[in-house]
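Below is one structure, written out as structure tokens; comments come after it.
The values are calculated or read from the model by the stated rules, or taken from the named source; none is laboratory data. Every value quoted in this text rests on a predicted model; they were computed, and no experiment measured them. Cβ coordinates were reconstructed from backbone atoms using ideal geometry, including for glycine residues, and neighbour counts include every protein chain displayed.
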Amino acid sequence: MSEEKLFGMPAEKGRWMFVVLGFIINICLGSVYAYSVFRGPVSKLLNMSATEAGMPFMVFLALFAIMVFFGGLLLAKLGPKMLGWLGGVVVGVGWILASFSTSGTMLTITYGLIGGGGVGLAYGVPLAVAGRWFPDKRGLALGLTLAGFGGSPFVSANVASAGSAAKTIAFGDMAAYYIRTVGNPVIEADSSYGFNTDTTYFRAKWRVDGDLIDTGAVTVLQQAV
């Protein structure tokens, strides 16, 4: 191991980068546990009951558990790199499609089925890599890598609830963007989109290199006091 190079360092030191990267990957994958932050706004936006609003999360967990098994089988055939790419693409597609959900059923399919399946496929990749590079400290390496998944809600939930310092805006009905100090939008009320007590529709324009770019209708879910 001492003759190999990893990330420009001797393998004995460079192998710790796999733990760091695995930790980061698991923070991203584990962000599903921050769903409770969105459950209230989602139930109002899509007119769902408490049970219906929780269904995407429940389906996600079910598919995650099932696909972890199949991910383990595919890991031996595809290798960690290809399986990591596959899982990441599936998760990304699922969550992007979820941003355009117009019903609870669509959200359950995109966020729950597709997103959960993708997380299940990718979940074992960081663990497999860390385990192979740390035969002498396997428990420590796996524990630190898994800490990202378990600790993800602390990061993602705080980012998601940062609306106290920003405006939370939904594009395509569902995708939340947190606007802090960079790229402040110019928000103009547009009555052509209609108004109601739960959701107010606006027209947003973004200032990019001095020019105002019209993004069309947006939904303001939460506004800083």
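Couple of notes before you dig in:
- Qualifying position, being in a helix (DSSP H, G or I), closer than 19 Å to residue 24 by Cβ and out of contact with any Asp or Glu (no Cβ under 9 Å at 6 or more places or on another chain), among 65, 76, 122: 122
- Positions within the range 32-53 being surrounded by fewer than 17 Cβ atoms within 10 Å (Cβ to Cβ) and free of Cβ contacts under 8 Å to residues at least 40 places away in the same chain, in sequence order: 39, 40, 47, 49, 50, 51
- Among residues of the range 131-187, those that are over 16 Å from residue 41 (Cβ atoms) and either part of a helix (DSSP H, G or I) or modelled with pLDDT of 75 or more (or both), counted: 27
- Residue 55 vs. criteria outside any helix (DSSP H, G or I) and farther than 19 Å from residue 159 by Cβ: no
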